[in-house]
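Inspection log for the structure reproduced underneath, given as structure tokens.
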Amino acid sequence: MNMPDLQPLMPEIVFLGLALFVLLAELFIKSKETIGLMVIVSVAATAYMIPQSFGVTFSGMFISDGYSSFFKFIFLLNLILTILISIQYIQIERAEFGEYYTVLMFSTLGMMIMASAGDLIVLYLGLELMALSTYILAGFIRHDARSTESALKYFLLGAFSSAILLYGIMLLYGLTGTTDIMKLSSLLMKNGMRLQSIFAIVMVMVAFGFKIALVPFHMWAPDVYEGAPTSITAFMSVGPKAAGFAVIGRVFLTGLEGFSADWRLLLVVLSIATMAVGNIIAIQQHNLKRMLAYSSIAHAGYAVLGVIAGNTEGLSATMNYLLIYAFMNIGAFSVLVLLRNEQERIETLEQIKGLARNHPFASALMLIFMFSLTGIPPTAGFVGKFFLFRALVYSGYTWLAVVAVVFSAISAYFYLRVVMYMYMYEPEEGVTQDISTAAPLGLALLITSLMVIAIGIYPEPFVNFARLVVG
Amino acid sequence: MKYYLLIPFLPLAGFLLNILLGRRLFRSQAHWPSTLAVFGSLVVAVMVLMDVLHGKTLNHDLYRWIISDKFQVSVGFLIDQLTAVMLIVVTSVSFLVHVYSIGYMHDDPGYYRFFAYLSLFTFSMLMLVMANNFLQLYFGWEAVGLCSYLLIGFWYEKKSASDAGKKAFIVNRFGDFGFGLGVIMIFLTLGTLHYIPVFDKINTLTGQTINILGLHVNLVTLIALLLFCGAVGKSAQIPLHVWLPDAMEGPTPVSALIHAATMVTAGVFMVARCNPIFNLSHTAMNVVAVVGGVTALFAATIALVQNDIKRVIAYSTISQLGYMFLACGVGAYGAGIFHLYTHAYFKALLFLCAGSVMHAMAGELDMQKMGGLKKYMPVTYWTMLIASLSISGIPGLAGFFSKDEILFRAYASGGVGRFVWVLGTAAAILTAFYSFRLIFVTFHGEFRGTEEQRHHLHESPKVMTVPLVLLCIGAVAAGWVGVPPLLGGSEHFAHFLEPVVGLPHAKEVSHAEEWMTMGISVAVALAGILIAAVFYLKNPAIPRRLAERFPFLYRLLWNKYYVDELYDYIVVRPALGIANNIIVKFTDGAIIEGIVNGVPAFIGWLGAQMRKVQDGVVEHYASIMAVGIFVLLAIGMIFLI
């Protein structure tokens, strides 16, 4: 018997080994900063290995290519930024249990496996590893009822969606006799059972839609995002979402290519519903965390547009958007983490009134992120949306691009409202607007804000990078 | 030549430092980052000028910003002779104004903000002149407009200041609208926005027409005139000149830098830069020449009777900008830019002297309440006198060479040129008159202010007078690089700019005619000064008698031809009327509020419904997912099978 080629799997193997090592180290090392540093070193080692791991192994079950690597970089970036904003925050929240960092790493490992999955079973395994880890993280503030409640909700609904995914996978297997993503399309077409095929596609789409929080499978998101520790919310709003998009790209654009007219129609319906619900309900929110939760729902609606465009241009636009979204969204959450002080959580619009008076820097950063989320040049958000809408127009969906622009305009209302509250009001009496001074958090803010501006001013290399790995 | 990048980005860094840290960190030292940055830019600009003098020019795309098929926009820099001149003008005047402001603005609560804006302005202006494509030009164009707005309204607690800021911004909208359309037209017809290909391909448009409401309009003329709209707004030409006098509400260093030496000349720069476009359209050229000539005379007449010291200089600026357009309109772009360059020094000097006077007079602007200041502030007096001699066109000084060049070129071009030459010459006599009226009324005679003011009179501190002296050197010597052959020079300046703007096409003009135009311009300058001396030194009763004799004319001039009133009547009031009655009541009240209140009410209702759904009960969430699945399946069944 031949040993399978392990080279394509090396980054994951190394990352798992390092995660276990960090888990052990946490028994002996009390300093969270050191643990955080170890994680960052692990990430760096893994990232270094990714470009050298290209290949297909285990009879096509595991694929390491440009596409998966791009997503793995997003996951690792997401992990680093989360670690940076967590170090002091989880101490304030008194949630500094040792496993925090390791579970984050396991979750990231799950995402990496998802991005590389060439087979539905591998995909499912990765997805469950990611999801189970995230459930735990959501409930990490054990003494806080909101946090534990959100974890439980996430778990129950997640289990529901997993069941649906398995059902979809089962149907696909029943129709084709394979779980190899690459072979699905041709076998399904050959066998000609259209009704059953559509049925299976809907099931798979629902399960993935749950992960990226498309309406109406988004119900968990606002509650979970609000209840979970803010650092974890930042993590969840980027990582699992990007992972969801990674598998959507792989399964729909290659696996179910032959059915593109069908799933495109379904995705159009979902994306419009998502943009509508996300943006409209966000207007109602006075809690910033909840507002950002709805905003992240809306952004999933935009990102899906690139998949709807259905070509490499569209897919690269989506990937580019996810990268930009990672910076701006984690940046926005980082500001919220920054505003968490020993006494209180500053989370509502009323509490940030006049923030610019007391903390011009924090306010300016928030302003940058809000502009970027709205999509105003010269920030990265503009670039992301520009290429998404452009891909959409070029593939004949001009009307949908117009719809997206309208919702994007609506979103200006609640993003810029944050800016208005910070800059145009006097501070409220009795609100202590103390901010954290943690250096790692500052570093995270620096990275995110610089990248948001840099991509906005000089987008070409990022856009080309995404195009390159897809094409 | 990569170091040229420092020129705009040093002031940008100065701006960022000051706006972010100025209030806390620098406070009363906030001038350091900005002043050092602009000084650095000045040094690099001189180095760049040296390179350009050695024949090195550069057109470099730093990077491409947006690539969408044909629509490609770069951040790129074009450094040629024209840019080099502008760089020197902008950085040198800006640096001196920075230094002057240290004295002028000290103790102002917004000290750091002031320097931050000055830096931002310098950055924007440099981006404007260094651009290699129309979009970046447009970026700089709007950014300097923004800075102008911020700085006119710098003392925003004062209603007149914030009103003036708004007025400048809104009036410029009219011009910029046309400018924007012009840029769009260029892209639509030529498919690119970069100067070089645009100028290469613009020939292909000659003779093409475009159908606008049934009229066949020459395409090149249309583009040129649309671009010129922007210039009219930014450079305060008739009919959009009304914002500039009001802009004097801003701090005086701002008036000197932005509203005299640099920003307002952007229009002239743009026209000169786009000379390949303008050259193809006789109509557009004639429009430019006539608008320039008429503005030169028109603004000079208003300046005759104003008493506000800064307003006189402001109208003088409008008038001098008119000369520059006049030159461009007769094809003498080199002469226009030459005047831009000399004007920057003597006009900035005039403003800074006015600021020095205001400083001594505790903010007083009415020159009728001054007089006899000569003995209290000698440095200010002498420098302002030289600036006035220069602007009047006394031989040997900067203004003489450039103005004479313009008038000669206008005369030599014949046709419309002869007409605008008459306008320009008439304006020259008025220029000399109002400039010396200002000098005589302010600095000579008896002091007419209050006792308290007299007690306070003093020369300004060194940090303010040294820039005056340095600018004075410019006001005297700047013109020496363009001495005409007639006087034994060799017109270095015109030849330097020739690769960019070409040489004007002159008819054969004899030496005699050349001597004649020069003689006339010197004669009118001397005449103007002489009349002013008679009126205000020898027999101060004459002006009053004249005003009584011609009350209509006097009131017409005093009220600036009632242009503001006219605009108030035909633009502002109808606009406000429409705004109040139709937009506020109907569009806003019924439609928008209906939507804005209706939609949130609806959304509120929707939200309430959704909140009922979003009730935190997991079973409900799961059932909604289930409903979603059935809906998707139903869609699949109905539409896809």
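Among the residues of the stretch B:373-385, the ones that are buried (at least 17 other Cβ atoms within 10 Å of the Cβ) and either without any contact (Cβ under 8 Å) to a residue 12 or more places away in the chain or not in a helix (DSSP H, G or I) (or both) come to 2 in all. Which ones in the stretch A:347-378 are outside any helix (DSSP H, G or I) and over 28 Å from A:Gly301 (Cα atoms)? Selection gives A:Lys353, A:Gly354, A:His359.
When A:Ala409, A:Ala466 are checked against the criterion of being aliphatic (A, V, I, L, M), part of a helix (DSSP H, G or I), free of Cβ contacts under 8 Å to residues at least 24 places away in the same chain and within 14 Å of chain B (Cβ to nearest Cβ), A:Ala409 stands alone in meeting it. Does A:Ser231 satisfy the condition of being under 30 Å from A:Arg345 (Cα atoms), small (Gly, Ala, Ser) and assigned to a helix (DSSP H, G or I)? So A:Ser231 passes the test. Against the list (1) more than 18 Å from the chain's Cα centre (by Cα); (2) at pLDDT 95 or above, the condition A:Asp119 fails is (2).
A Cβ distance below 9 Å, combined with a sequence gap of six or more or placement on separate chains, defines the contacts here; from the stretch A:184-198, residues that are more than 19 Å from A:Tyr167 (Cβ to Cβ) reach residues that are of a type in the set (A, V, I, L, M, F, W, C) and modelled with pLDDT of 85 or more in the pairs A:Ser185/A:Leu256; A:Ser185/A:Phe259; A:Met189/A:Phe259. Taking the stretch B:530-588 as the range and being over 21 Å from B:Phe436 (Cα atoms) and among the aromatic types (Phe, Trp, Tyr) as the test, the residues that pass are B:Phe550, B:Phe552, B:Tyr561, B:Tyr562, B:Tyr567, B:Tyr569, B:Phe586. Among the residues of the stretch A:213-230, is there at least one that is in contact with a Leu (Cβ under 6 Å, 6 or more places away or on another chain) and more than 11 Å from chain B (Cβ to nearest Cβ)? Scanning the stretch A:213-230 turns up at least one residue that is in contact with a Leu (Cβ under 6 Å, 6 or more places away or on another chain) and more than 11 Å from chain B (Cβ to nearest Cβ).
Selection within the stretch B:353-372: residues that are part of a loop (DSSP other than H, G, I, E, B) and small (Gly, Ala, Ser). The member of this set that is surrounded by the fewest Cβ atoms within 10 Å (Cβ to Cβ) is B:Gly363.
Every condition in (1) more than 26 Å from A:Ala276 (Cα to Cα); (2) assigned to a helix (DSSP H, G or I); (3) charged (D, E, K, R) holds for A:Arg142 except the one numbered (2). Any residue at all in the stretch A:451-460 that's in a helix (DSSP H, G or I) and either among the hydroxyl-bearing types (Ser, Thr, Tyr) or away from chain B (no Cβ under 14 Å) (or both)? Yes, that holds for at least one residue. In this structure, does B:Asn559 turn out to be within 30 Å of A:Tyr294 (Cα to Cα), modelled with pLDDT under 80 and more than 10 Å from every other protein chain (Cβ to nearest Cβ)? So B:Asn559 does not fit the description; no. Of everything in the stretch A:115-138, what is in a helix (DSSP H, G or I) and either touching a strand residue (DSSP E or B) at 6+ places or on another chain (Cβ under 9 Å) or closer than 17 Å to A:Ala47 by Cβ (or both)? Give them in sequence order. Selection gives A:Ala115, A:Ser116, A:Leu120, A:Val122, A:Leu123, A:Tyr124, A:Leu125, A:Gly126, A:Leu127. Within the stretch B:41-71, the set of residues being within 14 Å of another protein chain (Cβ to nearest Cβ) and of a type in the set (Val, Ile, Thr) comprises B:Ile66, B:Ile67. Every listed requirement among (1) touching a strand residue (DSSP E or B) at 6+ places or on another chain (Cβ under 9 Å); (2) polar (S, T, N, Q); (3) under 17 Å from A:Arg390 (Cα atoms) is met by A:Asn320 save one, (1).
When the test is whether a residue is away from every other protein chain (no Cβ under 12 Å), at positive phi and surrounded by fewer than 22 Cβ atoms within 10 Å (Cβ to Cβ), A:Gly174 does not pass it. Within the set A:Ser42, A:Ser53, A:Ser86, the sole residue that is in contact with a strand residue (DSSP E or B) (Cβ under 6 Å, 6 or more places away or on another chain) and touching a residue at least 40 places away in the same chain (Cβ under 8 Å) turns out to be A:Ser53.
What are the residues in the stretch A:11-26 that are small (Gly, Ala, Ser) and over 20 Å from A:Lys72 (Cβ atoms), if any? Across the stretch A:11-26, the qualifying residue is only A:Ala25.
The values are calculated or read from the model by the stated rules, or taken from the named source; none is laboratory data. All figures in this text were calculated on a predicted structure; none of them were measured in a lab. When we count neighbours, we look across all protein chains shown, and the Cβ atoms used for this are built from the backbone with ideal geometry, even at glycine.
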